[in-house]
Amino acid sequence: MTKRVVLIGHPVAHSLSGAMQQAAFDAQGIDAAYELWDRPPIRLAEAIGELRGDDFLGANVTIPHKERVVPLVDRLTEEAHATGAVNTITREGKRLVGHNTDVPGFRTALDKLVGKQKMPRQAVLLGAGGGARAVAYGLITEGFQRVIVFNRHLHRAEGMVKHFGRSAAHMELRAMPWHESIIEAELAKTKLLVNATSIGLTKDESPVPAEIIPPELLVLDLIYNRTKLLRDAAAAGCTVMDGELMLLHQGASAFTLWTGQPAPLDLMQQKLAEARAEGVRSAEGEPAGEPVGTAAAGSGGDPSPPDGG
Ligand code: NDP
């Protein structure tokens, strides 16, 4: 029987995950099909219930369901529990286990962005959704000392900070109101800026005006494209990276959880690049800005990865 793995989100049309996961199943001789399920929030519980059937290996969960899915599974791994967000589901018999592979995906991207430089200790995080939770947890566990979170709806950022209360007890994790002057003041004090909002996902717009981006920042945009933010930051002299590497590594971790096999990383990266070249849009980061040919855009517009590798 062909096993099924589904991506549950809203929207999910033309996901890049489909291209890389299906190619990985086929290459490893795993008889499985990756399906896209567009389910609005009201149909999420029903969709999760279906996963208990024997034909399912598991699922990916994406925008906007990563937090809502938490109470719908039977067990959470440490990272899913710590973040309060689930992006991957596996089955243990009829029981569903929620994982968060965005966390290792983010760690890989951060390491690559920082390259041979010293790991910074301060960051500004834009966003407070499911993706932002993985970033916040990654920064907390990486030893960051000060992380300031800005979100359109302040109460959501405050809720996220409260959620991390105990795990962030050793450092300063603070929510601040989304005002340009406050963001500017915080950017001037920081070394790392992470965009985990969906601003730039469907329209060519940036969460921050170009004029307030200081040079020499490290800038990671979770969106899988060269967004306006990344173009503005590169023009200001920053080292920038888009969400491709995080997407690749969260997908590779998910593949291993479903199949018990190591992921064919090179093939998955190749399939991502092909899908991107074909202009396929992704639920994890739909291209809105110019397409780019590399996972990591370089410093100051240099197309090589930030560590020069
Ligand atoms: P959520 O729906 O959980 O959160 C969306 C976030 O974007 C919230 O902080 C929301 O703010 C903010 N936002 C949305 N629209 C606006 C707007 N018009 N103005 C200001 N803020 C806005 O989504 P996710 O956290 O799952 O995903 C967020 C982004 O990160 C997406 O672009 C997604 O593609 C990307 N992502 C990429 C990954 C990768 O592997 N590369 C992994 C995970 C996410 P508010 O709370 O105020 O509504």
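The values are calculated or read from the model by the stated rules, or taken from the named source; none is laboratory data. These figures come from a predicted structure and were not determined experimentally. Neighbour counts run over all protein chains shown; Cβ positions are idealised from the backbone, glycine included. For the accessible areas, the whole protein counts, side chains as well, though only heavy atoms, and no ligand, DNA or RNA atoms are used. Shrake-Rupley method; radii C 1.70, N 1.55, O 1.52, S 1.80 Å.
Which length gain, in nm to one decimal place, applies between Lys189 and Arg174 when the Cα-Cα distance is subtracted from 0.36 nm times their residue separation?
Working: separation 15, 0.36 × 15 = 5.40 nm, distance 1.43 nm.
Full extension from Lys189 to Arg174 adds 4.0 nm.
Compute the Kirkwood hydrodynamic radius of the range 131-275, taking the inverse of the mean of 1/r over all pairs of distinct Cα atoms, and give it in Å to one decimal. Write out the running numbers ahead of the final one.
Working: mean 1/r = 0.0604 Å⁻¹.
Here the Kirkwood hydrodynamic radius works out to 16.6 Å.
Over 19 Å between C-alpha atoms is what I'm after, so list which of Lys203/Lys228; Lys118/Lys189; Lys118/Lys191; Lys66/Lys112 land there.
Details: Lys203/Lys228 9 Å; Lys118/Lys189 16 Å; Lys118/Lys191 11 Å; Lys66/Lys112 25 Å.
Result: Lys66/Lys112 exceed 19 Å.
By how many degrees, between 0 and 90 and to the nearest 10, does the Cα long axis of helix 130-142 differ from the longest principal axis of the chain?
70 degrees
Evaluate Rg over Rh across the range 43-151, taking Cα atoms for both radii and Kirkwood's formula for Rh. Don't skip to the answer; put the middle values down first.
Working: Rg = 15.5 Å, Rh = 14.8 Å.
Dividing the radius of gyration by the Kirkwood radius yields 1.05.
Which of Thr88, Tyr137, Ala45 sits closest to the plus end of the dipole of the range 1-159, meaning its Cα is farthest towards the positive end, when Lys and Arg get +1 and Asp and Glu get -1 on the C-beta?
Tyr137
Give the ranking of His163, His170 by solvent-accessible surface, highest area first, calculated with a 1.4 Å probe. Can you show the working numbers first?
Working: His163 75, His170 105 Å².
Ranking His163, His170 by accessible area, largest first, yields His170, His163.
If you fit an axis through the alpha-carbon atoms of helix 244-259 and take the longest principal axis of the Cα set of the chain, what angle between them do you get, 0 to 90°, nearest 10?
With rounding to tens, the tilt is 30 degrees.
With labels modelled as points extended 7 Å from the Cα through the Cβ direction, what inter-label distance (nm, one decimal) is found for Asp54 paired with Lys116?
Each label point lies 7 Å from its Cα, and together they span 5.7 nm.
To the nearest 500 deg cm²/dmol, what mean residue ellipticity at 222 nm is calculated for the chain from DSSP H runs of n ≥ 4 alone, each contributing -39,500 (n - 2.57), summed and divided by the residues? Please report the intermediate quantities before stating the final value.
On the way: 10 runs with 108 residues, N = 309.
Computed ellipticity for the chain at 222 nm equals -10500 deg cm²/dmol.
Run the dipole for the chain about the Cα centre, Lys and Arg Cβ at +1, Asp and Glu Cβ at -1, nothing else charged, and hand back the magnitude in debye, nearest 20.
My answer is approximately 820 debye.
Multiply the residue gap between Thr141 and Ala210 by 0.36 nm, knock off their C-alpha separation, and tell me the result in nm, one decimal place. Present the calculation step by step, with values, prior to reporting the outcome.
Working: separation 69, 0.36 × 69 = 24.84 nm, distance 3.02 nm.
Additional length available on full extension: 21.8 nm.
Out of all DSSP beta bridges with both ends in the chain, state the antiparallel percent to the nearest 5. Don't skip to the answer; put the middle values down first.
Values: 9 of 45 bridges.
If I count the DSSP bridges inside the chain, around 20 percent turn out antiparallel.
If you filter the range 177-214 for GluC sites (Glu not before Pro), then keep DSSP loop positions with at most 15 other Cβ within 10 Å, what is left? Don't skip to the answer; put the middle values down first.
Details: sites: Glu180, Glu184, Glu186, Glu205, Glu211; in loops: Glu205.
Sites meeting the loop and neighbour criteria: Glu205.
Can you give me the long-range amide H partners of Lys3? Hydrogens built in the peptide plane at 1.01 Å from N, cutoff under 5 Å, separation of 5 or more residues or another chain.
Amide H neighbours of Lys3: Ala32, Ala33.
Once neighbouring chains are kept in place and the probe is 1.4 Å, which whole percent of the accessible area of the range 174-230 is contributed by carbon and sulfur? Could the numbers behind the result be given before it?
Working: 1200 of 2400 Å².
C and S atoms contribute 50 percent here.
Name the residue farthest towards the positive end of the dipole of the range 139-221 from the options Asn151, Ile212, Leu193, assuming +1 on Cβ of Lys and Arg, -1 on Cβ of Asp and Glu, about the Cα centre.
Looking along the dipole axis, the top candidate is Asn151.
Counting only protein heavy atoms and using a 1.4 Å probe, what share of the accessible area of the range 4-138 belongs to carbon plus sulfur, as a whole percent? Please list the in-between numbers first.
On the way: 2560 of 4900 Å².
Answer for the range 4-138 is 52 percent, counting heavy atoms of protein chains only.
If you keep only loop residues by DSSP, which trypsin sites (Lys or Arg not before Pro) in the range 84-125 have at most 16 other Cβ atoms within 10 Å of their Cβ?
Details: sites: Arg91, Lys94, Arg95, Arg107, Lys112, Lys116, Lys118, Arg121; in loops: Lys94, Lys116, Lys118, Arg121.
Answer by residue number: Lys94, Lys116, Lys118, Arg121.
Keeping all protein chains in place, calculate the accessible area per residue for the range 158-290 (probe 1.4 angstrom), answer in Å². Can you show the working numbers first?
Working: 5580 Å² over 133 residues.
It amounts to 42 Å² per residue over the range 158-290.
When N is the residue count of the chain, what does its C-alpha Rg come to as a fraction of 2.2 N^0.38 Å? Before the final figure, lay out the partial values.
Numbers: Rg = 18.4 Å, N = 309, 2.2 N^0.38 = 19.4 Å.
Working it through for the chain, the quotient is 0.95.
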